[in-house]
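Colleague: Handing you a structure now.
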Amino acid sequence: MAVVIVGDDPASRIYVNNKKKACEYVGIRSEEYALPKETTQEELLALIEKLNADEGLDGILCQLPLPKHIDEKAVINAIRPDKDVDAFHPVNVGKIMIGDYDFLPCTPAGVMELIYESGIDIQGKECVVVGRSNIVGKPMAMLLLHDHGTVTICHSRTKDLAETVRRADIVVAAVGVPELIRGDMIKEGAVVIDVGMNRLPDKRLVGDVAYEEAAEKAAAITPVPGGVGPMTIAMLMKNTVKAALLHHRDK
Ligand code: L34
């Protein structure tokens, strides 16, 4: 796998290091391409072309966010779909929509794995996803729908967030607002999954859920850190193995 990181965002550096450690742990060879923040879009696209053509690589991951002068969409579109272990390329996104896919995006896939492993049945449940990003909220809603959940997506223009979240049997918070989801928004016995990863000025790392409050009501809840983050990385490993199998199975 090739991991590309542009610039010196400290959070991205931690996540990429965690990914490299996981690769080492499971026995995936990883190559890091750490580019300076001044890298031009042309330079980055040229690197991706080179990685696309490299027969020795099964997966390419370009860590987001990218510096503002680079068009993320152009970069995502440039990655060969069969090496797109993030499942961000439009071809892979489209396949997920139909339910016929090779890769799932790592964070939503990790959330599903947590739900399955906890023995929680999604069928017929009220599922509320807070956040509508292309990389988490939207695919998350689609995966819950595939498992027969009744899915509501909330976002910044939602009229009554608290009232909507209060209906939920399963809440997935992925907005990037520290502790937006309070205890009084959680139904007794709900499952609460916190995708948020917010670094406060005092350096504390908190999720999108006020954990202590919500934990008093929830039947199950994920912490931050130590919840969805490590699952994202585990699913990246799974996708990379899958990419390798798809590339080499018939050879
Ligand atoms: N291309 N960009 C691309 N793919 C991804 O899948 C990501 N994402 C998100 C940001 N940009 C990306 C990640 O890797 C978020 N993300 C991610 C990965 C790992 C962790 C958090 C976010 C993680 O390891 N979290 C640890 C705490 C780390 C810390 O101390 O800051 C945890 O226990 O939650």
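Colleague: When only C-alpha pairs under 8 Å and at least 6 residues apart count, what is the relative contact order of the chain, in percent?
Modeller: 16
Colleague: Tell me, what is the per residue accessible area of the chain in Å², probe radius 1.4 Å?
Modeller: Accessible surface, normalised per residue, equals 50 Å².
Colleague: If you line up the long axis of helix 10-26 against the longest principal axis of the chain, both from Cα atoms, how many degrees apart are they, to the nearest 10?
Modeller: 70
Colleague: Please give the calculated 222 nm ellipticity per residue for the chain, where each DSSP H segment of at least 4 residues contributes -39500 (n - 2.57) and the sum is spread over every residue; nearest 500 deg cm²/dmol?
Modeller: Mean residue ellipticity, 222 nm, calculated: -12500 deg cm²/dmol.
Colleague: Any idea how far apart residue 77 and residue 184 come out in nm if each label point goes 7 Å out from Cα toward Cβ?
Modeller: In this crude spin-label approximation the distance works out to 4.7 nm.
Colleague: Specify the angular offset, from 0 to 90 degrees and rounded to the nearest 10, of the alpha carbon long axis of helix 137-146 from the longest principal axis of the alpha carbons in the chain.
Modeller: Tilt relative to the chain: about 70 degrees.
Colleague: Once the piece of chain linking residue 64 and residue 234 is laid out straight, how much longer is it, given 0.36 nm per residue of separation minus the C-alpha distance between them?
Modeller: Separation in residues times 0.36 nm, less the Cα-Cα distance, equals 59.4 nm.
Colleague: Under a plain spin-label model, where a point goes 7 Å from the Cα along Cα-to-Cβ, how far apart in nm are residue 213 and residue 156?
Modeller: 2.2
Colleague: Let me understand region 125-251 better: what is its radius of gyration from the alpha carbons, and its Dmax, in angstrom?
Modeller: 16.0, 56
Colleague: Quick one: which of 208-215, 45-52 comes out on top by average Cβ neighbours within 10 Å, and what's the full order, highest first?
Modeller: 208-215, 45-52
Colleague: So what is Rg over Rh here for the chain, counting just Cα atoms and using Kirkwood for Rh?
Modeller: 0.98
Colleague: Further, regarding this structure: So between residue 134 and residue 38, what do we pick up on full extension, going 0.36 nm a residue minus the alpha carbon distance?
Modeller: Additional length available on full extension: 32.0 nm.
Colleague: Same structure, new question: Over the chain, what percent of the accessible surface lies on carbon and sulfur atoms, probe 1.4 Å?
Modeller: Ligands and nucleic acids excluded, carbon and sulfur give 55 percent.
Colleague: Can you pull the percent of Cα pairs in region 188-251 with separation above 15 Å?
Modeller: The calculated P(r) of region 188-251 puts 62 percent of pairs beyond 15 Å.
Colleague: Oh, and also: Can you give me the distance in nm between label points at residue 118 and residue 204, each placed 7 Å from the Cα along the Cα-to-Cβ direction?
Modeller: 2.2
Colleague: Among the listed pairs 68/125; 19/138; 73/238; 21/217; 68/95, give every one whose C-alpha distance is greater than 31 Å.
Modeller: 68/125; 21/217
Colleague: Follow-up question, since we're still on this one. Exactly which GluC sites (Glu not before Pro) in region 56-117 are in a DSSP loop and have at most 12 other Cβ atoms within 10 Å?
Modeller: none
The values are calculated or read from the model by the stated rules, or taken from the named source; none is laboratory data. All values reported here derive from a predicted model rather than from experimental measurement. No Cβ is skipped: glycine too gets one built from the backbone with ideal geometry, and neighbour counts run over all protein chains shown. These accessible areas exclude ligands, DNA and RNA; they are computed on the full protein's heavy atoms, side chains included. Shrake-Rupley method; radii C 1.70, N 1.55, O 1.52, S 1.80 Å.
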